[in-house]
Amino acid sequence: MIENEIKKLRDELNKYSYNYYVLDNPLVSDFEYDTLFKKLQELESLHPDLITPDSPTQRVGGLSTKFEEHKHKYRLYSLDNTYNEDELRKWYERVQKECPGEVELVCELKIDGLAIALTYQNGLFTTGVTRGDGIVGENITQNLKTVKAVPLRLFKNADVEVRGEIYMPKTSFEKLNAECLENGEKTFANPRNAAAGSLRQLDSTITAKRDLSMFTYTAIIEKSDYIPKTHWDSLQYIKELGFKTNPNIKLVKNIEGAIEFCEEWKTKRFDLNYATDGVVIKVNRFDFQNELGFTSRAPKWATAFKFPPEEISTKLLDIEIGVGKTGAVTPVAVLEPVNLAGSVVSRASLHNFDEIERLDIRIGDRVLIKKAAEIIPKVIKVVDSNEHSTLPVYIPPKTCPQCGSKLEFREGEVNLYCNNDNCPSIIKAKLEYFVSKEAMDIDFIGPSVISQLYNLNLVKSPVDFYKLKMDDFMKLELVKEKSASNMFTAIQESKTRPFSRFLTALSIRHVGKETAELIVNEFPTIEGLKAASLEALSNIEGIGGKIAQSVYDYFHNPANLDMIDEFISLGFEFNHNLTEKTDELAGKTFVLTGTLETMTRDEAGEKIKLKGGKTSSSVSKNTSYVVAGANPGSKLDKAEKLGVIILNEDEFLKLIGIR
């Protein structure tokens, strides 16, 4: 019966999605999931009357004209902040005045995201609302349905309202900003802004493309087969319903345990793949919470301990101009060196010239810098001083600092561009990208080597790398025979890289690593790609018209075709490896750390994925294996503490069937 088949597919997909996005423990490969998803789409298109609100196909919606205001049934309160041990102890003393004795506390990391309230009736997701002012928020239900960590149906038929924090992982934030820069669009200041901007898109299909997730931290239960009596039990119940909760929570006996937890995470937080700016500490027992009550704005039974801000002021010595592989001109702050979040910073991002104007940044200013998402140094504001008004206003360049060409804006973009294809900076940037780990992954060939090769007229285009001889490397400064041999060998060995890597390395506008994979899966040979029509390229799933046009134009440029013919004459084959995926490692999550001898970590990750496994950048209790190469970092220590299986390189190679 078709109704039963659709229900079975829907239940299977919801289970797989829960395991992947909530438990971080995939049960099937992406290919298997996509196959089942397409089958469900086809059946629902034939039988639209059988589509239900909790179907996985309903996660991608359409276009809204605006967000409606929505009054919260239960107010979302703010939290009072504490900033040191003394303030924490004073808060605990106030708690003990109302609830004498040792009061248990629950410590949770404070996620730097966007607070939302989700309503479920009979286990079905009905409404999702932003925090707003705590009394009235915006109804963004359709957008929240696109977030995979938001269950469309619970495991139990409960009536419940849960509160959570929508966030964007740091790695996804970096990727999104890189794409924005590549497309000449405005970048996001931090992951929180990126998450908020993604959730408030009127077109929910855009939200669906952003990698958002959610941690749930509390629930108001109206109807259920179980009513917890403590916050800790409530968190366990939330997990049973199917929600994702933060794994870094702890039940402690008293305030000393909470202070230890805060101290521990002051530095450990930098290893996480999401931004956190503090710890939320709550009284565990609900009867104590009721007794303590609320002030006009915040609960008395909870407080937020804020981590010291990772911001510091320093002097702006200069503004340097960089020209990237697309010709985008970006300003970089040259700073008086200063220690920030454990590293010495002497340069920081200024994003674009609009940002300089908005902040009124002038050379000689004292500026405040921070690490966006605790990773990328950026200038956030000018520190008020008497000298500021006496300094000259910064004027963006009118010509390229390298080649002197007139700089121009491109329609719909905020960046200035150098449009001279022969600009030395653009050429060198493309050469640097060609050898990078994301592209051809050629060791020993860094920016300094490329600059020397370019200045000696030995390398002007990527194909020139493969024409170099040992003697050419010996002409470089400080290069001896051993180094020359390493460079020559690394270049020659790169000829065997997968076709998708080569396509990535060509710096075709809008074509990154993932896009290149999509293209070569459809066109596995260079001849097929050269002959592809614009329509055929546009029909590749995940490739839009802008990307298709860019690829089509590249492979219809005579100069580019001549270069590719040269690559072929030098021994390149450009055939995509169509190795079939298996499910040998299905459900297994690997974390790679240290340096491997037989392959790069990227190559190891690709082999894991081909066998149905998954890689992760962080170690958790859901990690199946940590593969430790030479000089492993803190991930090895964490794996040992959690009891995760640790494999050396030989054991890993045996596991994947290479030895």
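What lysines does residue 475 reach when the alpha-carbon gap must be under 18 Å and sequence neighbours fewer than 8 apart in one chain are set aside? Reachable lysines: 460, 467.
Beta bridges from DSSP with both residues in the chain: antiparallel share about 85 percent, rounded to the nearest 5.
Once the Cα-Cα distance is subtracted from the 0.36 nm per residue extended length, the residue 121 to residue 448 segment shows a gain of 111.5 nm.
Each other residue within a Cβ distance under 11 Å of residue 288 adds +1 if Lys or Arg and -1 if Asp or Glu, for a net charge of 0. Of the residues 538, 500, the one with the fewest other Cβ atoms within 10 Å heads the list, and the complete ranking is 538, 500. Across all directions, the average projected area of the convex hull around the alpha carbons of the range 310-359 is 4.1 nm². Basic side chains Lys and Arg get +1 at the Cβ, acidic Asp and Glu get -1 at the Cβ, and with that the dipole of the chain about its Cα centre reaches some 860 debye. Each Lys or Arg adds one and each Asp or Glu takes one away; over the other residues whose Cβ falls under 9 Å from the Cβ of residue 219, this sums to 0. Taking amide H as placed 1.01 Å from N in the peptide plane, residue 441 has its amide H under 5 Å from the amide H of 436, each at least 5 places away in sequence or on another chain.
Listed by chain and number, the aspartates and glutamates whose alpha-carbon sits under 15 Å from that of residue 430, ignoring those within fewer than 8 places in the same chain, are 182, 421, 438, 441, 464.
How large is Rg over Rh for the range 145-211, taking Rg from the Cα atoms and Rh as the Kirkwood inverse mean of 1/r across Cα pairs? Ratio of gyration radius to Kirkwood radius for the range 145-211: 1.06. Overall form of the chain: prolate. Here a/c, set by the Cα gyration tensor axes a ≥ b ≥ c, is 1.5 or more, and a/b is the larger of a/b and b/c. Rg over Rh of the range 311-409, using C-alpha atoms and the Kirkwood radius, what does it come to? Value, to two decimals: 0.98.
Kirkwood analysis of the Cα pair distances in the range 174-294 returns a hydrodynamic radius of 17.6 Å.
Positive end of the dipole of the chain, charges at C-beta (+1 Lys, Arg; -1 Asp, Glu), about the Cα centre: which of 228, 323, 442 has its Cα farthest in that direction? Farthest towards the positive end: 228. Close amide-amide hydrogen proximity is noted between residue 215 and 165, 167, each under 5 Å apart and 5 or more residues distant or on a separate chain (H modeled in the peptide plane; Pro and chain starts excluded).
Note: the range 172-241, Cα convex hull, 132 Å³ per residue.
For the range 589-655, the equivalent ellipsoid derived from the alpha-carbon gyration tensor has semi-axes of 17, 14, 10 Å in decreasing order. For the chain, the Cys residues with no second cysteine's beta carbon closer than 4.7 Å are 99, 107, 180, 262. Note on residue 39: aspartates and glutamates with a C-alpha under 18 Å away, same-chain residues under 8 apart excluded, are 3, 5, 11, 12, 30, 49, 54, 541. Relative intensity of the range 395-445 on a log10 scale, I(q)/I(0) at q = 0.16, 0.22, 0.24 Å⁻¹, equals -0.59, -0.82, -0.88, per a Debye sum over C-alpha point scatterers of equal strength in the absence of solvent. How many angstrom separate the Cα center of the range 594-659 from the Cα center of the range 294-370? Taking the Cα centre of each part, the range 594-659 and the range 294-370 sit 35 Å apart. When 274, 77 are arranged by Cβ crowding within 10 Å, least crowded first, meaning fewest neighbours, the order is 77, 274.
How much length, in nm to one decimal, is gained on full extension between residue 480 and residue 97, taken as 0.36 nm per residue of separation minus their Cα-Cα distance? Intermediate results must be reported in sequence, preceding the final value.
Values: separation 383, 0.36 × 383 = 137.88 nm, distance 7.45 nm.
Between residue 480 and residue 97, full extension yields 130.4 nm more.
Normalised by the number of residues in the chain, the mean separation of alpha-carbon contacts (under 8 Å, six or more apart) gives a relative contact order of 11 percent.
Let me have the 222 nm mean residue ellipticity of the chain computed from DSSP H runs of 4+ only, each contributing -39500 (n - 2.57), with the sum over all residues rounded to the nearest 500. Per the formula, -10500 deg cm²/dmol. Note on 70, 47: ascending count of other Cβ atoms within 10 Å places them as 47, 70, the fewest first.
Between the range 530-562 and the range 90-110, the alpha-carbon centres lie 63 Å apart. Using 0.36 nm per residue and subtracting the Cα-Cα separation, the extra length available between residue 386 and residue 645 on full extension is 87.3 nm. Close amide-amide hydrogen proximity is noted between residue 613 and 585, each under 5 Å apart and 5 or more residues distant or on a separate chain (H modeled in the peptide plane; Pro and chain starts excluded).
Taking the range 589-655, how many lysine pairs are there with alpha carbons less than 17 Å apart, if each pair must be eight or more places apart or span two chains? All intermediate terms of the calculation are to be shown ahead of the outcome.
Numbers: 607/654; 609/654; 611/654; 614/635; 621/635; 621/638; 621/641.
Lysine pairs, 8 or more places apart or on different chains, close enough: 7.
For the range 101-152, a Kirkwood hydrodynamic radius built from all Cα pairs, placed in the Stokes-Einstein relation at 20 °C and 1.002 mPa s, yields a translational diffusion coefficient of 164 µm²/s.
Toward the positive end of the charge dipole of the chain, with +1 on the Cβ of Lys and Arg and -1 on the Cβ of Asp and Glu, the farthest Cα among 488, 506, 644 is that of 644.
Which one, 524, 380, 569, projects farthest toward the positive side of the charge dipole computed for the chain from Cβ point charges (K/R +1, D/E -1)? In the chain, that residue is 380.
Cα gyration tensor of the range 81-306, axes a ≥ b ≥ c as square roots of the eigenvalues: rounded (a/c below 1.5), prolate (a/b > b/c) or oblate? It comes out oblate by the Cα gyration axes. Dividing the alpha-carbon radius of gyration of the range 424-569 by the rule-of-thumb value 2.2 N^0.38 Å gives 1.11.
Each reported figure results from applying straightforward, stated rules to the coordinates on display, with no laboratory input. Just so we're clear, the structure is a prediction, and the values are computed from it rather than from any experiment. We place every Cβ from the backbone using ideal geometry, glycine too, and count neighbours over all the protein chains shown.
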